[in-house]
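Input: a single structure, listed below in structure tokens.
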Amino acid sequence: MKKNLILLSCITLLSSSLFVSSCKKDPKDTTSPILTMYGPTTMYWQQGKSYADMGCSANDDKDGTVAVTSTGNVNPDVVGTYTIIYTAKDEAENSVTASRTVKVVNFDGKYDLVQYSCSDTSRNTVPTHPDSSIVTAINIPTYYDLTISNFARRPANIAITSFMGTSITVLNQPAASGGTDQIEGQGSISGMGIGTDKLKLTFHFKEINSIDSLIQGTAVFTHR
């Protein structure tokens, strides 16, 4: 009888142990979820335009999709640098964080051409077309568009660019009226436009001109 009681007790203890063990978090799970951020980690935003964060998602190798929380706010009416921090945690308490920097700036106004260099690959000379008339007015109808006038001897043309994060893309521009020149390229945004920290737009461009030679160079515009 004693043996039966001892055996029964052992079975009960074993069952309880298994139940408790199954309720505990997986001790072997040491892998954090993976965060996928939508949009760039650093981005510029036009002052005064409503800001809506692109957010991010998280996936765990054991738990699948897990919730993401975020802290931090962006005040689009006040020029400055803002940080949004994202956090995700799986059932084993493994966590991961990521952050996005949002720079609220005022792109509107005048930009001066402060640096210009280019070369003609067919003639191996520097064209003389950049001159003091290239003082550029830039406006932003939406947060990702820049309109640049009078760029690279194109007084009748407007170069439309777009930006995401700190990268600028100069879309392929059709030839000016009566010509065959086309311009395209890429660049970057830097600075804050506050005090001596001037907002700067840098373009690396190429131009196919009317005699089919390739002109390429760099133009740097600084906010007044």
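The values are calculated or read from the model by the stated rules, or taken from the named source; none is laboratory data. Keep in mind that this is a model prediction, so the values were computed, not measured. Positions of Cβ are backbone-derived with ideal geometry, glycine not excepted, and every protein chain shown enters the neighbour counts.
At-a-glance table
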| read-out | value |
| --- | --- |
| Among the residues listed as 64, 55, the single one being surrounded by 14 or more Cβ atoms within 10 Å (Cβ to Cβ), at pLDDT below 95 and not charged (D, E, K, R) | 55 |
| Pair list, Cβ < 8 Å and 6+ apart or interchain, from segment 176-203 residues that are charged (D, E, K, R) to residues that are modelled with pLDDT of 90 or more and part of a strand (DSSP E or B) | 200/189; 200/190 |
| Among (1) more than 17 Å from residue 166 (Cα to Cα); (2) buried (at least 16 other Cβ atoms within 10 Å of the Cβ); (3) at pLDDT 95 or above, the one test that residue 82 misses | (1) |
| Of the criteria (1) surrounded by 16 or more Cβ atoms within 10 Å (Cβ to Cβ); (2) in contact with a strand residue (DSSP E or B) (Cβ under 6 Å, 6 or more places away or on another chain); (3) modelled with pLDDT of 70 or more, which one residue 181 fails | (3) |
| Considering residues of segment 1-44 that are of a type in the set (A, V, I, L, M, F, W, C) and modelled with pLDDT of 90 or more only, the residue farthest from residue 77 (Cα to Cα) | 34 |
| Those residues of segment 47-61 which are over 14 Å from the mean Cα position of the chain (by Cα) and not in a loop (DSSP other than H, G, I, E, B), in sequence order | 57, 58, 59, 60 |
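Yes/no matrix, rows are residues, columns are (1) under 26 Å from residue 32 (Cα atoms); (2) of a type outside the set (D, E, K, R); (3) under 24 Å from the mean Cα position of the chain (by Cα):
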residue: 69; (1), (2), (3): yes, yes, yes
residue: 74; (1), (2), (3): no, yes, yes
residue: 78; (1), (2), (3): no, yes, yes
residue: 85; (1), (2), (3): yes, yes, yes
residue: 93; (1), (2), (3): yes, no, no
residue: 98; (1), (2), (3): yes, yes, yes
residue: 105; (1), (2), (3): no, yes, yes
residue: 114; (1), (2), (3): no, yes, no
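To keep it simple, each residue is scored yes or no on (1) basic (Lys, Arg); (2) surrounded by 15 or more Cβ atoms within 10 Å (Cβ to Cβ); (3) closer than 26 Å to residue 223 by Cα.
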| position | (1), (2), (3) |
| --- | --- |
| 27 | no, no, no |
| 49 | yes, no, yes |
| 60 | no, yes, no |
| 71 | no, no, no |
| 75 | no, no, yes |
| 87 | no, yes, no |
| 92 | no, yes, no |
